[in-house]
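Just below is one structure, and these are the notes that go with it.
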Amino acid sequence: MERWTGRVALITGASVGIGSALARRLVQHGMKVIGCARNVQQIQALADELKNEKGSLTAIKCDLTKEEDILDMFAKVKAEFGGVDVCVNNAGLAHNAPILSGETQQWREMLDVNVLGLSICSREAVKQMREKVDDGHLILINSMSGHRVLNSSPGHFYTATKFMVTALTECLRQELNEVKSHIRVTGISPGVVQTEFQQRMFKDKSKADAICSAFKTLEADNVVDAIIYVIGTPGHVQVHDILLRPTEQTT
Ligand SMILES: NC(=O)c1ccc[n+]([C@@H]2O[C@H](COP(=O)([O-])OP(=O)(O)OC[C@H]3O[C@@H](n4cnc5c(N)ncnc54)[C@H](OP(=O)(O)O)[C@@H]3O)[C@@H](O)[C@H]2O)c1
């Protein structure tokens, strides 16, 4: 991790959950972290808490469903930090929106954030990385849902967006290879993680609690450990994807 000390990481969805836990860890490793989300006050509160750590956290308000917000954010990162070195596409959401009965607007939001936001951020990040040392790292937070279809209709559309993330991981690898870039791309595919994700999906605390108490789920820090491993590998090593389940998760 030493080579990333003093360098710039952008994390989408840094207000809560995996993104927030990762922001904390990267700041402790001495990185200049930019965290974005809509609820920017939560990132600012974390930044205040971390102000005596080795690195720094800067909060930027960005709604990933709006391309202009994303482009403004990258312009700011370029102007204030000289460009991004590690980009973690973490923001994501699910709605309970089956294919036969879901609302189009809910599908659109999942596509906008999980697929288009991730793709726009990846494109803009690679532009900035290539203007720098060309040794950056793109992390795509995927899901076990990007690798198999559960017989559970509430999550079907979400699953379809995450299958796209699986394809995008390989597409990005190929395109970076084609231009002989040393930038690496890695997917991280967790099973159930204890965050606000389930509650946001079902808008029902007892349902979210039931999912998260059926077995010992992953904690955000378990996912962060995998990301720290991936970006800490030497430049000639590309980890393609890490699938990590809670041990007792059967699916
Ligand atoms: N938790 C799980 O069981 C699980 C399992 C597998 C994969 N994942 C994946 O892990 C990633 C992180 O999820 P999490 O578990 O940490 O969920 P979470 O606690 O619900 O956090 C989601 C993050 O995404 C951000 N976000 C959502 N919509 C956004 C938008 N329009 N613009 C900007 N930011 C937006 C949220 O910020 P604001 O609301 O403040 O904007 C929040 O910071 C997601 O990609 C998810 O698909 C989660």
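The values are calculated or read from the model by the stated rules, or taken from the named source; none is laboratory data. As the structure is a computational prediction, the values presented were derived from the model and not from experiment. Methodologically, a virtual Cβ is constructed for each residue, glycine included, from the backbone with ideal geometry; neighbour enumeration extends over all protein chains shown. Accessible surface areas use protein heavy atoms only, side chains included; no ligands, DNA or RNA. Shrake-Rupley method; radii C 1.70, N 1.55, O 1.52, S 1.80 Å.
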Residue hits (segment 95-108; of a type outside the set (Gly, Ala, Ser) and part of a loop (DSSP other than H, G, I, E, B)) are 95, 96, 98, 99, 100, 103
Of the numbered conditions (1) open to solvent by less than 60 Å² (accessible area, probe 1.4 Å); (2) charged (D, E, K, R); (3) under 17 Å from the mean Cα position of the chain (by Cα), residue 24 fails exactly one; give the number of that condition. (1)
Within segment 1-21, restricting to residues that are part of a helix (DSSP H, G or I) and more than 9 Å from the ligand (Cβ to nearest atom), the one that is most open to solvent (accessible area, probe 1.4 Å) is 2
If you check residue 92 against the conditions, is it assigned to a loop (DSSP other than H, G, I, E, B), open to solvent by 10 Å² or more (accessible area, probe 1.4 Å) and within 12 Å of the ligand (Cβ to nearest atom)? yes
Residue satisfying condition, being under 13 Å from the mean Cα position of the chain (by Cα), among the β-branched types (Val, Ile, Thr) and either surrounded by fewer than 22 Cβ atoms within 10 Å (Cβ to Cβ) or in a helix (DSSP H, G or I) (or both), within set 149, 126, 115, 133: 115
Looking at segment 95-108, which of the residues that are crowded, with 17+ Cβ neighbours inside 10 Å and not aromatic (Phe, Trp, Tyr) is farthest from the ligand (Cβ to nearest atom)? 102
Filter segment 27-36 for residues that are open to solvent by less than 10 Å² (accessible area, probe 1.4 Å) and either within 9 Å of the ligand (Cβ to nearest atom) or not in a helix (DSSP H, G or I) (or both) and give the result. 30, 31, 33, 34, 35, 36
Selection from segment 2-38 of residues among the small types (Gly, Ala, Ser) and either without any contact (Cβ under 8 Å) to a residue 12 or more places away in the chain or under 17 Å from residue 78 (Cα atoms) (or both) yields 6, 9, 35
Quick test of your reading of the structure: residue 84 fulfils all but one of (1) surrounded by fewer than 21 Cβ atoms within 10 Å (Cβ to Cβ); (2) at pLDDT 95 or above. Name the failing condition by number. (1)
With 194, 174, 238 as the choices, which residue is of a type in the set (S, T, N, Q), open to solvent by 20 Å² or more (accessible area, probe 1.4 Å) and within 13 Å of the ligand (Cβ to nearest atom)? 194
